[in-house]
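Here's the structure, in structure tokens; my notes come after.
Read-outs throughout are calculated quantities, based only on the coordinates presented, and are distinct from any laboratory measurement. Keep in mind that this is a model prediction, so the values were computed, not measured. Cβ placement follows ideal geometry from the backbone for every residue including glycine, while neighbour counts extend to all protein chains displayed.
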Amino acid sequence: MRQEKRFMTIAYRSLFLLLFIAQTACSRSTLTTVWADKDYGKGPVSSVMVVGVSSDEKVRQLFEEHFVELFEERSTEAVPSFKSIPKSSKASKEAVEDTVRRRGIQSIFVTRMVGIDKEVAYIEDPVVDSHAARYNRRFDSYYPEAYGSAATAVTYTFYKLESNLYDSESGALIWSARSKLFEPGTTDDALEELGDLVMNDLYKRGYVKSSSK
């Protein structure tokens, strides 16, 4: 009976920890700062070149394809930079500007990673009813459980990115945001989270139209 109770306690703590991490993951990916040009009066952008700054060509391609799809869902003609400039090493400012000018594209959307942060959170044991109840027990029953009921330290990794939207005619920055993504499990997860954050803010500020989906 004692062993069964101990097993149930461990299982409960493990389930609580998993639920805590899952809840935290859903709530902590966010845009940390946003700037928008209040004087920009051209309305929703009609066309955009999507540029993913990455030394990993596969990641760059996945990013650009994903955001091209998101822009097109909002009636914005979008093109990925990798189709015109296949190698990241060749994607200079001049190469991007030349492609945009030749194709008559109105704006340029650029995203890059700016850093990785780690944070530590301490999760209290959910099995312990209260401080008073715990310390009113006998020493011989409390002490063996003391280590097992100690707060659990969990380290979280956050990926920090910067996304900028430029008017191609003037070269001026018209929207910029820093985002913080909570430990995305895969590249697809990261793109989905970033896409939701960015596109919702661009829509709210009038840079894109409502989604067709």
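Remark on residue 175: its backbone amide H falls under 5 Å from those of 37, 165, a criterion applied only to residues 5 or more positions apart or on other chains, H modelled at 1.01 Å from N.
Modelled spin labels at residue 154 and residue 112, positioned 7 Å past Cα toward Cβ, are 3.4 nm from each other.
When peptides 39-50, 172-183 are ranked by their average number of other Cβ atoms within 10 Å per residue, the highest-first order is 172-183, 39-50. In a DSSP loop and with at most 13 other Cβ atoms within 10 Å, the GluC sites (Glu not before Pro) in the range 154-213 are 169. Once both labels are positioned 7 Å from their Cα atoms along Cα-to-Cβ, the gap between residue 173 and residue 77 label points is 2.8 nm.
A full extension of the chain between residue 213 and residue 183 corresponds to an added length of 8.1 nm, given 0.36 nm per residue minus the alpha carbon distance. Using the structure shown, list the pairs from 38/160; 87/213; 38/90; 42/160 with a Cα-Cα distance above 27 Å, or answer none. From the list (38/160; 87/213; 38/90; 42/160), the Cα-Cα distance tops 27 Å for 87/213; 38/90; 42/160.
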